[in-house]
Ligand SMILES: Cc1cc2nc3c(=O)[nH]c(=O)nc-3n(C[C@H](O)[C@H](O)[C@H](O)COP(=O)(O)O)c2cc1C
């Protein structure tokens, strides 16, 4: 395959060397086009040595071969890693003031970009607007990831790892080496392609008054990992997001196959999930939904001055059981999966407690995890028991939340195949 790798002027240019090398080792004919700024980070000699092809950056180099269009016309795939904010803006506008710009206008090949920049630049409305337009034109956007950035700060903006970029690029051209968009799900490929899935995540907030709410400690990490795993494996995902850490949600928002719908209270989440579930193949209820809400929300902030004494009571009423409702009303062929965060009593095991709940809820699968002061919430690891609706253990998963998410999808595929 004739692969063009565009490299633009960011620190992550050094990681693009590994992208180029991976394509070469895979037997592809690789042509690197650095921007003039990129050459200030990694020089021509490195790109020529690694790609084993001559490297030029200006439309005025090697004019006899009409390189300003010939590389784009020959390309089967164009990957831009890293893609700076500047280069994304230029792509959006169709600027052609260097060899990479002319090549991009001269190609009909799939284009994959791996943005890398500081979080503020990534979140800037101009950059997000450009990304939206590029996606609309069919450009595949890989990452950026959430993590440490140059300068010591941390957040979304870090370029995806080279193996993730290469896997996503090969997937974009439907190569037999298609390994999915994520290194973590690489061996599973696009085994969820064609599925429409709904995932709820995060913690609901039940208002007490205009200022206060009843909430829970869910960060949304596990539900977002479930949504991202499904998207990376080819599914079209609606993520119904209750309260979720901004950085955690950003990881899902950048995936082109994840549509995010926001919900605040249990009632709003129930409405959003039911609406999204129409026509969905799988619904995963990973959100931590309040069991109780305040019967009458005060229109004014409750104050000590208005209280009769030092104590105050809140009258709580149960919220609806969204999972049980989805399970009893499921459409033919639809799979309903619930999550249960439990703190088993001293005389019972997590499995015993999970079994009772699995039978009571009637979902096709119930993923049960132990929670406590130091377990389950706001951490990157998890351990799940996955039970079927008779309470039988069908899978166990332990590890980082993404690995657990992939194991859960393996379980969901298994029970759907057995039907
Ligand atoms: C040390 C350094 C690191 C930079 N890293 C990035 C980066 O990661 N992402 C980005 O969008 N711009 C970054 N820039 C700014 C770009 O180099 C600058 O916008 C340049 O015009 C990009 O040109 P290009 O897109 O044509 O390569 C960096 C600049 C410097 C000096």
Mind telling me which of 408, 195, 214 comes out most flexible in a GNM of the chain, alpha-carbon contacts under 10 Å? 214
Rg and Dmax of the stretch 290-361, Cα atoms, in Å? 18.8, 56
For the chain, find the longest principal axis of its Cα atoms and tell me its angle to the long axis of helix 162-172, 0 to 90°, nearest 10. 90
Report the residue, chosen from 99, 149, 314, that carries the largest GNM mean-square fluctuation when the chain is represented by alpha-carbon nodes joined by springs under 10 Å. 314
So if I restrict to the alpha-carbon atoms in the stretch 274-419, what is the Rg, and what is Dmax, the biggest pairwise distance, in Å? 18.5, 62
Between residue 52 and residue 14, Cβ-based FRET efficiency (R0 22 Å, step 0.05) works out to 0.70
Contour minus end-to-end for residue 29 and residue 400, with contour as 0.36 nm per residue of separation and end-to-end as the Cα-Cα distance? 129.9 nm
In nanometres, what is the gap between the two model label sites at residue 292 and residue 315, each 7 Å from Cα along Cα-to-Cβ? 1.4
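Using Cα pairs closer than 8 Å and at least 6 residues apart in sequence, work out the relative contact order for the stretch 2-179, in percent.
On the way: 364 pairs, mean separation 38.8, N = 178.
This gives 22 percent for the stretch 2-179.
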Expressed as cubic angstrom per residue, what is the convex hull volume of the alpha carbon set of the chain? 165
Here the FRET efficiency for residue 304 versus residue 137, based on Cβ atoms and R0 = 51 Å and rounded to 0.05, is 0.30
How much of the DSSP bridge set in the chain is antiparallel, in percent, rounded to the nearest 5? 35
Of the DSSP beta bridges with both residues in the stretch 2-179, give the percent that are antiparallel, rounding to the nearest 5. 20
If contacts are Cα pairs under 8 angstrom and at least 6 residues apart, what is the relative contact order of the chain in percent? 10
For the stretch 210-349, what does the relative contact order come out to in percent, with C-alpha contacts under 8 Å and a separation of six or more? 24
Cα axis of helix 13-25 to longest principal axis of the chain: angle in degrees, 0 to 90, nearest 10? 80
State, to one decimal in nm, how far the label point of residue 44 lies from the label point of residue 352, with both points 7 Å from Cα in the Cβ direction. 7.5
Proportion of all alpha-carbon pairs of the stretch 43-116 beyond 20 Å (%): 30
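Need the full-extension length gain, residue 343 to residue 76, defined as separation in residues times 0.36 nm minus the C-alpha distance. One decimal, nm.
Once the chain is fully extended between residue 343 and residue 76, it gains 90.7 nm.
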So the angle from the long Cα axis of helix 266-277 to the longest Cα principal axis of the chain, reported in degrees to the nearest 10, equals 50
Return the distance in nm (one decimal) between the two label points of a simple spin-label model at residue 63 and residue 410, each offset 7 Å from Cα along Cα→Cβ. 5.9
Which one, 404, 258, 312, has the greatest fluctuation when you compute a Gaussian network model over the chain with C-alpha springs under 10 angstrom? 312
What the Cα atoms of the stretch 2-179 span along the principal axes, largest first and in whole Å, is 45, 32, 31
From the square roots a ≥ b ≥ c of the eigenvalues of the alpha-carbon gyration tensor of the stretch 100-232, which class results: rounded (a/c under 1.5), prolate (a/b over b/c), or oblate? prolate
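No value in this document is a laboratory result; all are computed from the given coordinates. All values derive from a computational prediction rather than experimental measurement. Quick reminder, even Gly has a Cβ in these numbers, built from the backbone with ideal geometry, and neighbours come from all protein chains shown.
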